[in-house]
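Structure, as structure tokens:
The values are calculated or read from the model by the stated rules, or taken from the named source; none is laboratory data. The structure presented is a predicted model; accordingly, all values stated were derived computationally and were not measured. Virtual Cβ from ideal backbone geometry, glycine too; neighbours counted across all protein chains shown. For accessibility, only protein heavy atoms count, side chains too; no ligands or nucleic acids. Shrake-Rupley method; radii C 1.70, N 1.55, O 1.52, S 1.80 Å.
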Amino acid sequence: MLKTTPLNAIHRAAGARMVDFGGWDMPVNYGSQIEEHHAVRRSAGVFDVSHMRSVDLEGKGVRDFLRFALANDVAKLQVPGKALYSCLLDESAGVIDDLIAYFFRDDWFRLVVNAGTADGDIDWLHRLNALAGHGVALRSRDDLAMIAVQGPQAREAFWSAFPETRSATEALVPFQAARVGDDIVVARTGYTGEDGFEVSCPAEEVATLWNGVVAAGARPCGLGARDTLRLEAGMNLYGQDMDTGASPFDAGLAWTVDLTSARGFFGRKALEARPRACDFLGLVLEDKGGVLRAHQIVVAERGEGEITSGTFSPTLGVSIALARLPVGTAPGEKVRVQVRDKELAARVVKPPFVRHGKPLI
Amino acid sequence: MILPPELKYTASHEWARLEADGTVSVGITDHAQAQLGDIVFVEPPKVGRQLAAGESVGVVESVKAASDIYAPIAGEVVATNDDLGASPERINADAYGAWMYRLKPADPADLEKLLDSAAYEKASAE
């Protein structure tokens, strides 16, 4: 039995093609994935991301607990509403999950984690909590739903639908959130490389939000477009681009690990002792003859690598990928990719491929 | 499900149409294109290749996935639809107009062994 979000009936009524996404019945597209992709790059789209889980952490020691639990340092979050992207590491510095941590009050943070890893994350956080002894209370917010409104016109679409939120959210900078009313959080975050908001609210209110932004011009977008958008933006997908077999350094996430202080976060010792296994870089297919996909083998100057995510880029009109390549591989290098029975030429680039509608490669 | 009754079908989601010159045009069904989503690459078999019935002879790739295409009947490839190289999205717009290749059948009677529209509809609904 698949889990459903509160918007399931709305997706079906809109003609969505539904798929099993990690146990959730989710829309993959509402007709054309490519048109949905372009809507987000050029104007505005809206995604149901209610399968993602919010976990509230409360108590006096919550900041110290998260400074121990997360590889990035929540000490950077000093203004209420500020958010931070981080990995959660295991004892060998493998990535248990990637998440966003929001600071609301000195005794209240929220983590937004991936759907497929949420239960495991919560178990893990309970274990760390017992270990650290800060007495933090964890609460899985299964009562919340979430939408992501993304694109250059996304914020205007949201404000036009809900003008009463404008004053509280207009001054938000990227990676900052505001609480609107009791239980609505509007965050200037996303997973597309475009401007926009991610809005969480009580499950029974999410249909009003969805219908409001759609009426204001945001196009309903499925997980298909979400994947091509995030890949163009050079953002990792958990389970594909990293998992417990990879350290953040193997997944291009060194920028999310804060080693500036002596902070003893969980997994740090293992991370510092563990040699980097690969360079995580982008590929652009130069030959015709197929599409780059996960698990294809890459032959580079210094040895073999492997694609972790690949697709056709609707913005660039070529196939692109994220790949684990031999350490020392540099942007600009030409590599060969095994696509079925052919070896196709590709060029190594530093992601992202596209940001704010503009090609960067 | 759009299924022209004059065409023949395979369980692997190809359609085949007998042309006036005795060749057989082959494409993928509307159901197949809908399942694949936006198509971005097509590789039909090369002209001159001898195909065995049921053999994997090419590939169609959407943004989402790659899918093999199979020969519905035995024969020799006599033409490919080169327009699809530059505009593979035509398959999404008109699956039964966007033929991928034409073959000269080894035995035209083989067409009768394929599924008719009703049988294909039943097979693809399962």
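Points to keep in mind about this one:
- Any hit, the range B:62-70, residues being touching a residue at least 40 places away in the same chain (Cβ under 8 Å), closer than 22 Å to B:I2 by Cα and more than 14 Å from every other protein chain (Cβ to nearest Cβ): yes
So that you can scan it fast, the table gives a plain yes or no per residue for (1) at pLDDT 95 or above; (2) of a type outside the set (F, W, Y); (3) within 17 Å of A:F47 (Cα to Cα); (4) open to solvent by less than 10 Å² (accessible area, probe 1.4 Å):
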| residue | (1), (2), (3), (4) |
| --- | --- |
| A:S167 | yes, yes, no, no |
| A:V173 | yes, yes, no, no |
| A:E205 | yes, yes, yes, no |
| A:V214 | yes, yes, yes, no |
| A:A218 | yes, yes, yes, yes |
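- Where a residue in the range A:162-179 is in the same structural domain as A:W210 (by TED's automatic domain parsing) and its partner, wherever it lies, is exposed (fewer than 10 other Cβ atoms within 10 Å of the Cβ), with Cβ under 8 Å and at least six apart: A:Q176/A:V79
- Beta carbons closer than 6 Å, at least 6 apart along the sequence or on distinct chains, pair a first residue in the range A:105-129 that is farther than 15 Å from A:E58 by Cβ with a second that is hydroxyl-bearing (S, T, Y) for A:V112/A:S54; A:N114/A:Y238.
- Index of the failed condition, A:T189 passing every other in (1) assigned to a strand (DSSP E or B); (2) farther than 18 Å from A:S160 by Cα; (3) not hydrophobic (A, V, I, L, M, F, W, C): (1)
- Residue in the range B:12-26 that is farther than 30 Å from A:G310 by Cα and of a type in the set (S, T, Y) present: yes
- Residues that are within 14 Å of chain B (Cβ to nearest Cβ) number at least 1 in the following strands (runs of 3 or more DSSP E) confined to the range A:250-328: A:279-285, A:303-313, A:318-325.
- Enumeration of residues in the range B:47-60 that are open to solvent by 40 Å² or more (accessible area, probe 1.4 Å) and within 13 Å of another protein chain (Cβ to nearest Cβ): B:S56
- Counting residues in the range A:170-178 that are assigned to a helix (DSSP H, G or I) and touching a Lys or Arg at 6+ places or on another chain (Cβ under 7 Å) gives zero.
- Considering residues of the range A:21-46 that are more than 14 Å from chain B (Cβ to nearest Cβ) and open to solvent by 30 Å² or more (accessible area, probe 1.4 Å) only, the residue nearest to A:A154 (Cα to Cα): A:S43
- Checking A:A75, A:A69 one by one, the residue that is open to solvent by 10 Å² or more (accessible area, probe 1.4 Å) and among the hydrophobic types (A, V, I, L, M, F, W, C) is A:A75 and no other.
- The one condition in (1) without any contact (Cβ under 8 Å) to a residue 24 or more places away in the chain; (2) away from chain B (no Cβ under 12 Å); (3) not in a strand (DSSP E or B) that A:M18 fails to fulfil: (3)
- Options B:A34, B:A74, B:A95: the member that is exposed (fewer than 15 other Cβ atoms within 10 Å of the Cβ) and of a type outside the set (D, E): B:A34
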